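Where a number appears in this text, it was derived from the coordinates with a stated rule and is not lab data. This one's a predicted model, so the numbers in the text were calculated from it and none came from an experiment. In this analysis, Cβ positions are derived from the backbone assuming ideal geometry, glycine residues included, and neighbour counts consider all displayed protein chains.
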Amino acid sequence: MQYDVKLIQETNAYSCIECGKCTGACPVARYSSTFSPRQILTGSIHNSHPEAFRKADLWSCLTCKRCDEVCPSDIKYIDFIHLIRQFQGIENREGTCSHGGILESISKIMMAPNLKQQRLDGLNGNLQISQNSEYMYFMGCLPYFEVLFEDINVEAMKIARNTIKILNYFDIKPQVLSDEKCCGHDSYWNGDIQTFHKLGLANIDQIKKAKVKKIITSCPECYRTLKVDYPKNFGRQEFEVFHISEFLSEIIADKKPVLKSESQKVTFQDPCRLGRHMNIYEQPRETLRSISGVDLVEMGHHHKRSICCGVSGWMNCSQVSKQIQANRLGEAKATGADILVTACVKCQIHFNCALNDQNLGKEMPFQVKDLTEVVGESLT
Amino acid sequence: MEKKVKETTKQKTKSKPQFEPRIVVFACNWCSYPAADAAGINRLQYPANVRIIRVMCMGRVDPGFVLKALVMGADGVLVSGCHFEDCHYSFGARKAAEQYKKLEKIVHMLGLEKERIRQEFISAAEFPKFAKVVREMVEQIKKLGPSPLERGALYKDQKLESEIIEEVAPVTP
Amino acid sequence: MMDVGRHPNIKLLTYSEVISVKGKPGKFKVKVLRKARFVDESECTACGECAKVCPILEPNEFDEGLALRRAIFSPFAQAVPSAYVRYADDCLGTNPIACGKCMDACLKNCIDLDMLDEIVELEVGAVICATGIDYYDPREASEYGYTRFQNVVNSIELERVLSPGGPSAGKLLRFTDQKEPQRISFIQCVGSRCIHRDIPYCSRICCMNAMKSALLIREINPTAQIDIFYIDVRAFGKGFEQFYHRAMHEAKVNFVKGKPSRIEEDPESGDLIILTENVETGKSDRIRTEMVILSEALVPAAGSHDLAKVLGIETDNRGFFSPSDPCGEPLSSTREGIFLCGCSTGPKDITDSITEASGTAIRAAQYLTPYKLPELKEEIPYYDYSGPLRIGVFVCHCGSNIAGVVDVQELKEYATELGDVVYSDDLLFACSESTQRNIQEKVLENKLNRVIIAACTPRTHEPIFRESLRKIGLNPYLFEMANIRDHCSWVHQNDPTAATHKAKDLIRMAVARARQLEPLEPKEMEIGHNVLVIGGGISGLETAIQLARRDYGVFIVEKEEHLGGVTKQLHSLYPSAKPGESLIQEKLKEVYERDIKIFTQTDIADISGYVGNFKVTLKPGDGQIAPPPLEVGAIVLATGFQLYQPEEGEYGFLKFPNVITNMEMEKWFPAKEKPLFEGKPVKHVAYMQCVGSRGEGGLPECSRYCCQAAIKQAIDLRKMGVRVTIFNRDIRVYHHEAETMYREARERGVTFIRFTPENEPKLIGDERLKAIQFNDPTLKTDIEIPVDLLVLSLGMRPAAKSVEGIQKFIKVPLGMDGFLLEKHPKFGSVETNIQGVFICGCVQGPKDIADSIAQSNAVAAKVDALLSRSTIWMEPITSFVQEELCRGCGTCVDICEYGAIRLKDSNGVQVAEVNEALCEGCGTCSTYCPTGAIDIHHFRDKQIESMLEAFLLTERSA
Ligand code: SF4
Ligand code: SF4
Ligand code: FES
């Protein structure tokens, strides 16, 4: 794609006053000596200096939106990064795909129109789904994560099972697409807009056919993508999108169910896409607080100042990622919590990967669990 | 003689609309690659649909390579190496088998036919097995037809379909 | 074979005979008769054009006459030298009608029908006899009807038939009706263990061989029923017992104890009727089967007697060469400077033969002058291969091997259309000397910095081409081959279009990969010339001596107070009856003379480093001062075994005072005329075999030494007039002379009682053991015999403690049986996964003394081969870590069983670090790395992916 000045202007990038506040707030820059959001920005808008920043760094940005929060010129930095990556094109990408590029290939294969996935095998037990509910549970790539990350003790499908269990508890038998495609989040943010479009259209088509009104996701990335990026790219849509924490906080306030657990101290990790991207901070916290026995404590950085789990889009996982994770896990440890709750499967994968490290794992006296798991276990 | 070959070449290409699968073979340097060599030495004939990529050990074959080959439109991928106890590096083949299990699950989930990928343990002495496996695989894949992944069209940067762009209507979140 | 053929220090004289050996060790003069092969070995490329036109058909010796060959031929597919050979007697050329068709067919003109036999004189330091074995002719055992009945075949015919490359392409068919037999019976010991056939010994390999064939047959035909008729099942090697269990349970082989006395044929169906007594049931059976395989004996190679005369060495009466001392010097002949290995001294399997072969290498090396070969230095000109890509593609015709199928001209033109290719050419034979020079010139002329040769397989030819490029200064890793012969023209002979097409793809892929190639430099590493031997038993001592003879500095570390291990405690050794102590004394004498440094009562505190440069810290016993750390180039683990410790009450162990172990028994010898045990006269001794061996499912395995050890003791006891009964499960005396010993024991009146684990003998007695009751397998009744002393033959178990101690520092993997795992069960029985770390003796698995000594020699040879240079070149194809991507997760550290990766601290974070000296370059770590931080030189992700792209994303060439 061509470098399009107009689109860049929309992100306010040209109003950068080169103050460097973003670099100061950036979790990547904290551990990487070369990485600087400001340099990437100025480097890429001053087209004449293509070498102004290390190209590989462009793919290290977590698009965690921490810089946006501090920018005095109100630059939509992450949109800017998205555009620049898109202009570079994936052929010129200099980032390194983590996990041998498997996840990227998976989403590409899903584009093939005449392939029908077999992704629901993990939904056994007495979970109830239906064909005609007005609710749909959009599962995301959990079945694939289940296979890929079992080695690091991540049981990804547990999230799906717990989500459905919760919905069932409130008498909802959601529809689940048997051929749900990847939402396209990673392709979108890695600048592979073609893949994003194909996947998105395929999903929208299926959702339309299912005639649902409300979509529930357990993944903040699907949530953002479906709620923001789909309408932006494919036009107005007939359905509403909720993250499970939104749904929970509302229905709990309404129905006041009895949620009980052993007494445990938990702390909450704000997933970037849920918090800073979508402004959902309180709903998961309210949900946790409504469980009797749960004592919610905050880490050093929380809400808007929360820190990312260290990797985004399965790209450039590195030493820096590990340090971000180690630091964040250290904050969690300092709270004295028994459980680090997150609402995003990727946070769980990334933290577990760090915990799987022999040295770091030993130091951390807590488990990482998904919000749905904590809630699922507390249902009476 | 040369001319003759050329002429027949032309004729054949014209009258051959038949589907010819494209199959990638990863073969380890110590067992399966030499098995393929020995198949040659013994002039065992097998269909010309495979291209062998040499790696030092089957353990080197990242599932990512196999998936990438599929994304690029390969009609089939064969991963071949030593029997466990023969692996030159003793643990490579075993590890490869572990990785392959994951790969199989993923390919199955994605809805691709399971026959499109295959793992085989072929020692240097088992060259007839190499030829046999290739023959079988070509036959099976011919039955399945071309890969649903459109000959790599998905991999390449192609133009956006124009309607999509027209449909775009800015909506603020 | 390939390695031998290619080795610069090995000159092959095939199709030749030794006619005299004169002179002294270190300076033998050997005359060799070279028979004419009529083909120039150095020029022949084994293209096979000559054989295609040869009008003669003769039975092929390699396939046991089951297939045909020409008068000019290559004996089998992988023959070395690969050059063809012409048998003058078969050829028409020497007859009045000169044929000479082959000469016209050979494009390289290497056939010379006038070649003459010649006599070559060689000056050598030592001679090694590895003359191998012949098969007993089963026609002599006429009761089995071999050659009278077509469906009776011998085991070597079966091998050829089962071979996928053999005459029937791996199908097993009956000769009479070409049907697949449903019942196949193996008869063991055909010829072997039979005095009147003059083969008193056990042929050692046949039990395992029959089981292996049985498993293979079941693979081809899963419903086939297989019987094996045997006298004893001798599954005595490492892993063999488990294999036996597989044969029993997986292949459902019906093992029948009993040697058939006769075979009859049903002339109508071609079926065979086996007449035998089933020794276990005691019934005579007539068993109808469809095919019989005779496991025929191994006999000395033809001409052994004559050769022995020429060499001036002794043989036994059968013609096997005699070692000077079968227990202490199994590899030396009776003439100094002449060594024996493999089946030349008696039947042996591949593992044992290879061990002995390596062992003789070190013995021979001790006679060589100069002691160590000088190292050559060479000048390499400077060549600038940096700068933009300039790829050159050379397409080889390989005579008509490639050009006959693939359109080489088209390929050559096609190559120039590919990006970055600046030069392309076609060559008649890319590998011939003159063409190599031509390629070198073309590279320099066109300033090529990547070279592709589209020809045959890199497995054989990459080293050759790389070498020519290296000589002109081009980095050899910037070279790539496209295999358009073995993988293309040869296998698509009937489809030239498709083949040409494929060849284009292969070239395009090679070009794509070549673009991504990076120059690599092999690293030269200094290596130390000291060796550490851990363990001072017989294996350790022997290894140390052999190495010290080659002038290496040797250290022995022993945790006990004294050297000599278990051997020292043995009162006599079979078959020489020499006391163990005196063997150890002999060895120790040389150990002291050769100034070998000994650390007794010492443990290992730490081992670090890698091949050529290990650093070992010692932990001395109490009160001793720690010596400075040792710097050694190689480490030999010879920590031995541990005897099985029976549980209390197991066969009366610790319950009855008169139940002792076989080691205690050794110490009890030499007894007086009237043997007493604890003051009481001993009249009847019983042995219980396999205590702690041959367990459920084949683990633990057979301990290999105990049958012969018990028999040795039994004979000594009989000499004192004591009655001896040996309770056994099978008598596994496999050594060449041990069978004779077994016979002697029987002749002297030792009773052997066979039992099965389900039917164990019972011990009777209150305070002391009084009697043993057993169910007599023949009489089928319970019999009680009085016993004064019961000896338990304890199995060998891994010395768990010392093994664990070592594993802390070096990751040598353990096998399922708990013994250290060798690199390869056959070809690398003394090497481990880790370069520079070797194993020998009973750490690797149960063994007797002769086998341990042979293995110690082998290990010394391997160490010598490694350390005989001042430096070693490290293959640059290793993994490497891109540090900024590494998250220090340690996944790779766990994956790599070579222990090549460890985590290091880099500015406060952990990152992986590859020890290139340990990395073997398999690449497994990189497929597990979550981030892609670790990659393999020369097989990098991008290099492999570029080939995929070139194949799949480029539209098929028009
Ligand atoms: S390439 Fe193989 S040997 Fe080398 S470090 Fe990796 S796993 Fe170990
Ligand atoms: S597996 Fe990869 S990221 Fe983990 S320690 Fe090894 S090189 Fe580093
Ligand atoms: S070397 Fe062949 S699979 Fe490892």
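The table below lists the values:
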{"read-out": "Region C:713-839, Cα convex hull volume normalised per residue, Å³", "value": "187 Å³"}
{"read-out": "Sorted by Cβ neighbour density within 10 Å, fewest at the top, the residues C:Lys847, C:Lys29, C:Lys712", "value": "C:Lys29, C:Lys712, C:Lys847"}
{"read-out": "Residues whose placed amide H lies under 5 Å from that of C:Cys129, excluding near-sequence neighbours", "value": "C:Phe339, C:Leu340, C:Cys341"}
{"read-out": "Length added when fully stretched, C:Asp495-C:Arg288, from 0.36 nm per residue minus Cα-Cα", "value": "69.6 nm"}
{"read-out": "Between 0 and 90°, nearest 10: helix C:706-719 axis offset from chain C longest Cα axis", "value": "30 degrees"}
{"read-out": "Charge context of C:Ile484, other residues only, Cβ under 13 angstrom, K/R +1, D/E -1", "value": "-1"}
{"read-out": "Relative intensity, log₁₀ I(q)/I(0), of region C:117-187 from a Debye sum that treats every alpha carbon as a point, q = 0.16, 0.20, 0.24 Å⁻¹", "value": "-0.71, -0.94, -1.22"}
{"read-out": "Qualifying aspartates and glutamates (Cα of each under 19 Å from Cα of C:Lys762; at least 8 residues distant if same chain)", "value": "C:Glu647, C:Glu648, C:Glu650, C:Asp730, C:Asp776, C:Asp782, C:Glu784, C:Asp788"}
{"read-out": "Charge-dipole axis of the protein assembly as shown as Lys and Arg at +1 and Asp and Glu at -1 on Cβ define it, positive-most pick from A:Met157, C:Pro8, C:Leu918", "value": "A:Met157"}
{"read-out": "Over 23 Å between alpha carbons, listed pairs C:Lys11/C:Lys31; C:Lys587/C:Lys667; B:Lys132/C:Lys823; C:Lys179/C:Lys257; A:Lys116/A:Lys227; C:Lys680/C:Lys770", "value": "B:Lys132/C:Lys823; C:Lys179/C:Lys257; A:Lys116/A:Lys227"}
{"read-out": "Overall form of region A:164-255 per C-alpha gyration tensor (a/c, 1.5; a/b vs b/c)", "value": "prolate"}
{"read-out": "Rounded, prolate or oblate (a/c below 1.5 giving rounded, otherwise prolate when a/b exceeds b/c) for region C:589-638 by Cα gyration tensor", "value": "oblate"}
{"read-out": "Estimated distance in nm for a label pair at C:Lys589 and C:Glu250, the labels positioned 7 Å out from Cα along Cα-to-Cβ", "value": "5.0 nm"}
{"read-out": "Mean projected area in nm² (Cα convex hull; one quarter of hull surface) for region A:253-378", "value": "7.7 nm²"}
{"read-out": "Listed residue (A:Cys317, A:Ile280, A:His350) projecting farthest to the positive dipole end of region A:213-362, Cβ model", "value": "A:Cys317"}
{"read-out": "Violating pairs (Cα-Cα greater than 31 angstrom) within the set A:Lys108/C:Lys504; A:Lys21/B:Lys68; A:Lys76/A:Lys214; C:Lys259/C:Lys683; A:Lys173/B:Lys143", "value": "A:Lys21/B:Lys68; C:Lys259/C:Lys683; A:Lys173/B:Lys143"}
{"read-out": "Chain C - mean residue ellipticity at 222 nm from DSSP helices (-39,500 (n - 2.57) per run, n ≥ 4, rounded to 500)", "value": "-7500 deg cm²/dmol"}
{"read-out": "C:Glu329, C:Glu356 arranged by Cβ crowding within 10 Å, fewest neighbours leading", "value": "C:Glu329, C:Glu356"}
{"read-out": "Value at 222 nm in deg cm²/dmol, rounded to 500, when DSSP H runs of n ≥ 4 in chain A each add -39,500 (n - 2.57)", "value": "-12500 deg cm²/dmol"}
{"read-out": "Mean separation of Cα contacts under 8 Å, 6 or more apart, over the residue count of region C:732-875: relative contact order %", "value": "11 percent"}
{"read-out": "Environment charge of C:Gly749, counting only residues whose C-beta is closer than 15 Å and scoring Lys/Arg +1, Asp/Glu -1", "value": "+4"}
{"read-out": "Share, in percent, of DSSP beta bridges within chain C that are antiparallel, nearest 5", "value": "55 percent"}
{"read-out": "Shape category assigned to region C:792-851 from the gyration tensor of Cα positions, a/c cut at 1.5", "value": "oblate"}
{"read-out": "Residues C:Glu666, B:Glu139, C:Glu378, A:Glu104 arranged by fewest to most Cβ contacts within 10 Å", "value": "C:Glu378, B:Glu139, C:Glu666, A:Glu104"}
{"read-out": "Percent of beta bridges antiparallel (DSSP, the protein assembly as shown, rounded to nearest 5)", "value": "45 percent"}
{"read-out": "Alpha-carbon Rg with Dmax, taken over region C:352-510, Å", "value": "19.6, 59"}
{"read-out": "Peptide-level mean, for C:495-505, of C-beta atoms on other protein chains within 10 Å", "value": "4"}
{"read-out": "Normalised contact order of chain A, rounded percent, pairs of Cα under 8 Å and 6 or more residues apart", "value": "18 percent"}
{"read-out": "Label-point gap, in nm, between C:Glu277 and B:Lys143 - each point 7 angstrom along Cα→Cβ", "value": "5.6 nm"}
{"read-out": "Residue mean of other protein chain beta carbons inside 10 Å, C:821-834", "value": "1"}
{"read-out": "Net charge over other residues, Cβ less than 10 angstrom from the Cβ of C:Lys108 (K, R count +1; D, E count -1)", "value": "-3"}
{"read-out": "Assigned charges on the beta-carbon of Lys, Arg, Asp, Glu; the protein assembly as shown dipole about Cα centre (debye)", "value": "1340 debye"}
{"read-out": "Rounded to 5, percent antiparallel among DSSP beta bridges of region A:267-380", "value": "10 percent"}
{"read-out": "Alpha-carbon spread of the protein assembly as shown, three principal axes, descending order, Å", "value": "106, 92, 74"}
{"read-out": "FRET E, pair C:Leu33, C:Asn317, Förster distance 30 Å, beta-carbon r, rounded to 0.05", "value": "0.60"}
{"read-out": "Per-residue average of Cβ from other chains inside 10 Å of C:887-894", "value": "6"}
{"read-out": "Computed label-point distance, nm, for sites C:Thr781 and C:Ser42 using a 7 Å Cα→Cβ extension", "value": "8.1 nm"}
{"read-out": "Whole-number percent relative contact order across chain C, with pairs defined as alpha carbons under 8 Å at least 6 apart", "value": "10 percent"}
{"read-out": "Semi-axis lengths, Å, region C:222-304, gyration tensor of Cα atoms, sqrt of 5 times eigenvalues", "value": "23, 20, 14"}
